[in-house]
1. Checking the conditions here, which among A:Ile142, A:Ile171, A:Ile117 is in contact with a helix residue (DSSP H, G or I) (Cβ under 7 Å, 6 or more places away or on another chain) and in a strand (DSSP E or B)?
2. Kindly indicate whether B:Ser270 is more than 14 Å from chain C (Cβ to nearest Cβ), polar (S, T, N, Q) and within 13 Å of B:Leu85 (Cα to Cα).
3. Out of D:Arg199, D:Arg190, report the one residue that is of a type in the set (D, E, K, R), in contact (Cβ under 8 Å) with a residue 40 or more places away in the chain and either outside the structural domain of D:Leu282 (by TED's automatic domain parsing) or within 19 Å of D:Ile130 (Cβ to Cβ) (or both).
4. For the stretch D:223-249, which positions are in contact (Cβ under 8 Å) with a residue 24 or more places away in the chain, within 11 Å of another protein chain (Cβ to nearest Cβ) and out of contact with any Asp or Glu (no Cβ under 8 Å at 6 or more places or on another chain)?
5. Which residues, counting only those in the stretch D:252-266, are crowded, with 19+ Cβ neighbours inside 10 Å and either charged (D, E, K, R) or within 12 Å of chain A (Cβ to nearest Cβ) (or both)?
6. Mind checking which pairs have a first residue in the stretch C:46-70 that is outside the structural domain of C:Ser267 (by TED's automatic domain parsing) and a second that is among the β-branched types (Val, Ile, Thr) and part of a loop (DSSP other than H, G, I, E, B), Cβ under 8 Å, 6 or more apart or different chains?
7. Out of everything in the stretch C:82-95 that is away from chain B (no Cβ under 13 Å) and part of a loop (DSSP other than H, G, I, E, B), what residue ends up being surrounded by the fewest Cβ atoms within 10 Å (Cβ to Cβ)?
8. Out of all the residues in the stretch C:279-302, which are closer than 30 Å to C:Ile260 by Cα and touching a Leu at 6+ places or on another chain (Cβ under 9 Å)?
4 protein chains.
Amino acid sequence: MSDVYRPAAEEVAAAYGAEVATVDQIMADSTIDIVMICSVTDTHADLIERSAHAGKAIFCEKPIDLDLDRAKSVVRIVQETGAKLMVGFNRRFDPSFATLKNQLENGDAGSVELITIVSRDPGAPPVDYIEGSGGLFRDMTIHDFDMARWLLGEDPIQVYAAAAALTDPDIGKAGDVDTAVVTLTCASGRMAVITNSRRATYGYDQRIEVHGSGGMLSAGNVLEHTVGRYNGDGVTTAKPLFFFLERYAQAYRNELSVFIDALKSGSEPSPGGADGVRSLVLAEAAVESLRTGSPARIELIE
Amino acid sequence: MSDVYRPAAEEVAAAYGAEVATVDQIMADSTIDIVMICSVTDTHADLIERSAHAGKAIFCEKPIDLDLDRAKSVVRIVQETGAKLMVGFNRRFDPSFATLKNQLENGDAGSVELITIVSRDPGAPPVDYIEGSGGLFRDMTIHDFDMARWLLGEDPIQVYAAAAALTDPDIGKAGDVDTAVVTLTCASGRMAVITNSRRATYGYDQRIEVHGSGGMLSAGNVLEHTVGRYNGDGVTTAKPLFFFLERYAQAYRNELSVFIDALKSGSEPSPGGADGVRSLVLAEAAVESLRTGSPARIELIE
Amino acid sequence: MSDVYRPAAEEVAAAYGAEVATVDQIMADSTIDIVMICSVTDTHADLIERSAHAGKAIFCEKPIDLDLDRAKSVVRIVQETGAKLMVGFNRRFDPSFATLKNQLENGDAGSVELITIVSRDPGAPPVDYIEGSGGLFRDMTIHDFDMARWLLGEDPIQVYAAAAALTDPDIGKAGDVDTAVVTLTCASGRMAVITNSRRATYGYDQRIEVHGSGGMLSAGNVLEHTVGRYNGDGVTTAKPLFFFLERYAQAYRNELSVFIDALKSGSEPSPGGADGVRSLVLAEAAVESLRTGSPARIELIE
Amino acid sequence: MSDVYRPAAEEVAAAYGAEVATVDQIMADSTIDIVMICSVTDTHADLIERSAHAGKAIFCEKPIDLDLDRAKSVVRIVQETGAKLMVGFNRRFDPSFATLKNQLENGDAGSVELITIVSRDPGAPPVDYIEGSGGLFRDMTIHDFDMARWLLGEDPIQVYAAAAALTDPDIGKAGDVDTAVVTLTCASGRMAVITNSRRATYGYDQRIEVHGSGGMLSAGNVLEHTVGRYNGDGVTTAKPLFFFLERYAQAYRNELSVFIDALKSGSEPSPGGADGVRSLVLAEAAVESLRTGSPARIELIE
């Protein structure tokens, strides 16, 4: 394994019996079949391209790149080289969201009409991070865009974003927002609405509701424990699991299993490069909508 | 209407356009078809007998009498006079408990194996009341005995009671208990367990679970509201409705409708006198068990 | 009481010991202090005006009028005559929503940032009704606009509506929509999002979430009963109470108590005429937004 | 590692990089500090004794032995040799039950009055297993006895067991029961009631309620997912995690961490040998009570 800060790589390698190498060494090593890219965002595009050219199968954390054109060109190279690429939209592998998706495909909600996604972080990252993050829509909402696409079964053609910096004025000073309502509209009339906040005092709030012609499917938070405390104040139960590492621990495991299974069977890993690009397209449209104050239309022909 | 404290009767009568009368006048008034007995316990038996002899249909609050032999003789008179008698086991008419019973009869739990009844009051009555109440089993648990019989579909043949005065030492000094576990066993092997407390800081706790060969049916508390408050301490929701007047408001209305409907259709009101007696038999057995420290057997041939 | 179909008035009057009269008689009768207007929408404005001129206190079902200018002129007349007017936004008096509002005012959610309102009917009214209803936003969403204003504590300045006819094509043919996402934005940056559907197979879905700097407050549905059925398929619990008559039965009672209390104490009933107008302003803006495809701005200086 | 069926040991050893050895080799190997005994019940006592004499720290699955006298003599040897022994009552380390215990110790329920433990398996083991299991109370309820002792903070002095074979007649033919209500009474008057079933169609049901002077603490089941399916039948949610391997996966991990931490710090592991013996005492008393039909008294002076 490799890390720009070599001691970090050494520590993890020692714990798991791995070897430390430079990126060049990894790319040149023909005994390495798979590259997992979990580095900072602005290195993703280069590393995907190099890995594709080196004939590796690739797992890359979202996003492919903050720049849409760059992301598209990376995906083109992946296609040209015939490399297998999975993009780390881990939420698709969360046991509850995956169960919701299965029930949806079983027809348990009938035809989808309206999807509601709530996504709130327990607390905002440092303003430093926010400045390099590409902003709320590219950094945080992008996961929700992927969930919306995955559940709508159809790509939205219009995006309207209302947003403000309400949780921390410094986020506003840094040119970003921290609270948002994003409405996605499809050609069929189907809609999805995403509400985001960078801060929720009760913890990491990750919920989805799919309303359709046959009923509703909802997936709620996973709680820290099942204890209820009953007294004169009422009944107090647990908060959601603290943050993404806790909530999505099983999703990360499942995601890698699915990736490995796809490679073994020779099928295309999913979500792939095109999914990475399309969610970025929605993020760009949200940025544009917020800038103009009007809905942004999306050209689906790429 | 009548009340030993005439001003009370006058106040209610004025509010609802009723007339105040003595008990003698009511009994003698041939235009009165139905008598509702909601007086103190030790007047029930006499009033039922007089009403039966006077040819009235009778609704009487539980219990018929604290003395089992007296209760049995009252029921015999009711039978001999052909009077219609309904005993006020209101919980059978609670919307949730009635729904549970319907589902049970639909076979949704299969064959009943084990019933769990939780019954806790928000706070103990004054020790004065307790002294004249006949004790926890005759006063409070009697409702749970009726629920157990109603749901078991079979009369228990054995009762074991463990109990103590834990919530208030004065209750113990008055010779009563306030916390109890009562186990009922049927000839078929089916069981029910009742847990009681005279005091729950979180309010009136009234729950039932029926476990059977096909699954479980549970009926929970009805809460004051549906608000959840989410913050760093977790999620706080409402307490149960305060006490029996709030929780069973709808049950009381439904109970009277069923009573009136039975009279109109000429069918026997249920629960009737025999139900009143059989629950009292279980209460007596619990008293006996607590006294001896061993289970008490019940002779079902009455 | 009065009804354009006199037998209807006679039936209700007989049941409650009231008298039947014409509207003229009611207006002329100086012993009548209060007029309750629960007639069809297009009679509201006239009846309010006549009642105000006749010196009556007025309770009127929403909306004052489907035409905004007409509604404004009615409210002006109410103000000029000094009449007391309460508009029937019954949801403010629902025990759960009122509890949520109280907790909000206690500071339990801190400063409001984002409000989410879900409002779905069990089934659409006949297309006949829809044609005369003024459309989804004036007929159904207007209740949600009132809830949003009430909880935001601030009037929105911009409205964006995305909507489609998804549940019934005949609704689309009648020129209306049945599924909607409406985003409200305030000058402070606070937002509210309302999602509507004319049809939910699981019943009447009425939920609110208020997210703020201190946490979240949610108010959920009131269910038909508390029974849970456990078996190999999981756990099945009850649907929400069927429709507004069931869900808001207590709200209607509380609403009238508050109205009467306001009249007795000489204070202004709330919500009043201005609330009726402002919710209608939001509905008009939603209609405008849907027509243009862009957010509609609201002039708050009326 | 060692297994009477050597290929099983070889398979696990290969997967984790361990070595296979005989028990004799393990006992003689001075580089091995800790022995984990997870073999069949009737080997526990011997292996604990040998490990104690060999100077090992010992983790042993419950029970120490099905015979109470044998179990007591083993614990005596452990004490005499100064060996460290932890008995595998894994439920104490379940995150929800551990949270409940913490809140109890924080005083959140005040003084304990009544504990209710529900413990149901998804399905009965084969009758073969049951015949060698020591019966329901020694095999299954023993976990609940440990939980009751742990939460009561006091050893019961009396046990009453009502039980029957209701789920499978073959269990009855094998001389065992499959459905039980066990009441434990302490000298202070505190009580605990355990309800067991060998079969629940909705899965592994593991719940605890502690009622005390200050309120109630409850710990519920952990569900397979958080999805709710809403339609005309109501709302359907998930079953509990399938069985003990799923429900207590985290408990097993936590248990071993606590054991290792105790060894590192030189403190006595808990639960230890005395806990193993005392739960067995309760199981014996339950067997005795079922045989006689009366409560069995326990001599606490051992």
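1. A:Ile117
2. On the way: more than 14 Å from chain C (Cβ to nearest Cβ): yes; polar (S, T, N, Q): yes; within 13 Å of B:Leu85 (Cα to Cα): yes.
For B:Ser270, the condition - more than 14 Å from chain C (Cβ to nearest Cβ), polar (S, T, N, Q) and within 13 Å of B:Leu85 (Cα to Cα) - is met.
3. Step by step, each of D:Arg199, D:Arg190 is checked, and only D:Arg199 is of a type in the set (D, E, K, R), in contact (Cβ under 8 Å) with a residue 40 or more places away in the chain and either outside the structural domain of D:Leu282 (by TED's automatic domain parsing) or within 19 Å of D:Ile130 (Cβ to Cβ) (or both).
4. none
5. D:Glu255
6. Correct list of pairs: C:Ile48/C:Ile64; C:Lys56/C:Ile32; C:Arg70/C:Ile64.
7. Out of the qualifying residues, it is C:Gly82.
8. Taking the stretch C:279-302 and keeping what is closer than 30 Å to C:Ile260 by Cα, we get C:279-283, C:302.
If the condition is that a residue be closer than 30 Å to C:Ile260 by Cα and touching a Leu at 6+ places or on another chain (Cβ under 9 Å), then C:Leu280, C:Val281, C:Leu282, C:Ala283 are the ones that fit.
The values are calculated or read from the model by the stated rules, or taken from the named source; none is laboratory data. Not measured: the values here are computed from a predicted model. Don't worry about glycine lacking a Cβ; one is built from the backbone with ideal geometry, like all the others, and counts go over all protein chains shown.
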